[in-house]
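Chemist: Can you keep this structure in mind? I'll have questions shortly.
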């Protein structure tokens, strides 16, 4: 029996199935029962691009599944099944892909989804790719429905994950990309370090919030913030042919991010706008539903705040004491430089 065959056998023993999954890992393809709309997406994490060399294997598996699930959250969908592809160097230990896969399956299971299969391959560096599909809880939420007069809302605390990545790089002895001034990780208080590292390493897909937005018809448009608030807001604005205005006074900046900014010598607002890796939901809400967000229910699992408005026009702007300035280019470009 080859190592790949042993991997499949061990994976089948380690994960659970579903009544709708007719054929799972171990055959040429998965087979499942289905009817109605399906929402399908894929996401990939690549070593030295999306995660640091030496990342904990289980944490990497969980994160890979979480970032794919975040796309479903933005569409107002709930996951059902996932496929997983792992590429790894020839020198890797045999247990590396198994630990990643079992952790990814466990993360999917937290939301009632199952890992149905996938693929293994050799690669120059480790990568993990997840394809996941699920069912919309109402009409699928798209990026195209924002209208002038809508309010703009954001879940969570933007910029914390970016600060967590900068902190992880510093702890690993790598160059401090996020700062022009010398600083040491030890300068940051332990609770702040723990919070920021968790924001980067353990993103939480906002599936409960997405389900509420979709099933209640509350959002006119939505996007998951993966490449930076400014850049992803620009994508939503472009798709809806509108202008988004982010109000500086309403942009949430957590105490942990402010502390990091003070230590690392960076602007917390710029970090919140362009950091990336947040995996929060940015969405627009019509005036008729905006009042529903004054006291969000606890079962949404995350704080939600109004951060701006939709206007006629195009682009994304930050509104502050000096007026409007464009911020739609703030974020990570996969054709650009490193994070």
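The values are calculated or read from the model by the stated rules, or taken from the named source; none is laboratory data. Bear in mind that the values here come from a model prediction, so they are computed numbers and not experimental data. Cβ atoms come from the backbone with ideal geometry, glycine included; neighbour counts cover every protein chain shown.
Chemist: Working only within region 184-213, note down all residues that are under 22 Å from residue 273 (Cα atoms), over 16 Å from the mean Cα position of the chain (by Cα) and in a loop (DSSP other than H, G, I, E, B).
Modeler: From region 184-213, those under 22 Å from residue 273 (Cα atoms) are 188, 192-206, 209-210; that's our starting set.
Subsequent filtering for residues that are over 16 Å from the mean Cα position of the chain (by Cα) retains 188, 192-195.
Correct list: 188 only.
Chemist: If I filter region 103-111 for residues that are more than 30 Å from residue 313 (Cα to Cα), modelled with pLDDT under 95 and out of contact with any helix residue (DSSP H, G or I) (no Cβ under 8 Å at 6 or more places or on another chain), do I get at least one hit? Quick ask: steps written out before the conclusion?
Modeler: Kept after step one, since they are more than 30 Å from residue 313 (Cα to Cα), are these residues of region 103-111: 103-111.
Checking which are modelled with pLDDT under 95 leaves us with none.
Looking through region 103-111, none of the residues is more than 30 Å from residue 313 (Cα to Cα), modelled with pLDDT under 95 and out of contact with any helix residue (DSSP H, G or I) (no Cβ under 8 Å at 6 or more places or on another chain).
Chemist: Name, by its number, the condition in (1) in the same structural domain as residue 200 (by TED's automatic domain parsing); (2) modelled with pLDDT under 95; (3) farther than 18 Å from residue 248 by Cα that does not hold for residue 322.
Modeler: (3)
Chemist: Looking at residue 260, is it in contact (Cβ under 8 Å) with a residue 12 or more places away in the chain, more than 20 Å from residue 218 (Cβ to Cβ) and surrounded by 23 or more Cβ atoms within 10 Å (Cβ to Cβ)? Explain how you work it out, then say what you get.
Modeler: Details: in contact (Cβ under 8 Å) with a residue 12 or more places away in the chain: yes; more than 20 Å from residue 218 (Cβ to Cβ): yes; surrounded by 23 or more Cβ atoms within 10 Å (Cβ to Cβ): yes.
It is true that residue 260 is in contact (Cβ under 8 Å) with a residue 12 or more places away in the chain, more than 20 Å from residue 218 (Cβ to Cβ) and surrounded by 23 or more Cβ atoms within 10 Å (Cβ to Cβ).
Chemist: Considering 148, 184, 166, which residue is touching a strand residue (DSSP E or B) at 6+ places or on another chain (Cβ under 7 Å), touching a residue at least 12 places away in the same chain (Cβ under 8 Å) and farther than 27 Å from residue 40 by Cβ? Steps first, answer last, please.
Modeler: Numbers: 184 fails: touching a strand residue (DSSP E or B) at 6+ places or on another chain (Cβ under 7 Å); 166 fails: touching a strand residue (DSSP E or B) at 6+ places or on another chain (Cβ under 7 Å).
Of 148, 184, 166, the one residue that is touching a strand residue (DSSP E or B) at 6+ places or on another chain (Cβ under 7 Å), touching a residue at least 12 places away in the same chain (Cβ under 8 Å) and farther than 27 Å from residue 40 by Cβ is 148.
Chemist: If I filter region 265-304 down to residues being touching a helix residue (DSSP H, G or I) at 6+ places or on another chain (Cβ under 7 Å) and part of a strand (DSSP E or B), which single residue comes out as nearest to residue 233 (Cα to Cα)?
Modeler: 282
Chemist: When you scan region 31-143 for strands (runs of 3 or more DSSP E) that lie fully inside it, which ones turn up with 2 or more residues that are surrounded by fewer than 22 Cβ atoms within 10 Å (Cβ to Cβ) and on the phi > 0 side of the Ramachandran plot? Steps first, answer last, please.
Modeler: Numbers: elements: 39-46, 77-88, 114-122, 127-136.
So the answer is none; nothing clears 2.
Chemist: In region 214-248, which residues are in contact with a strand residue (DSSP E or B) (Cβ under 8 Å, 6 or more places away or on another chain) and in a helix (DSSP H, G or I)?
Modeler: The answer is 214, 229, 230, 232, 233, 234, 235, 236, 237, 239, 240, 248.
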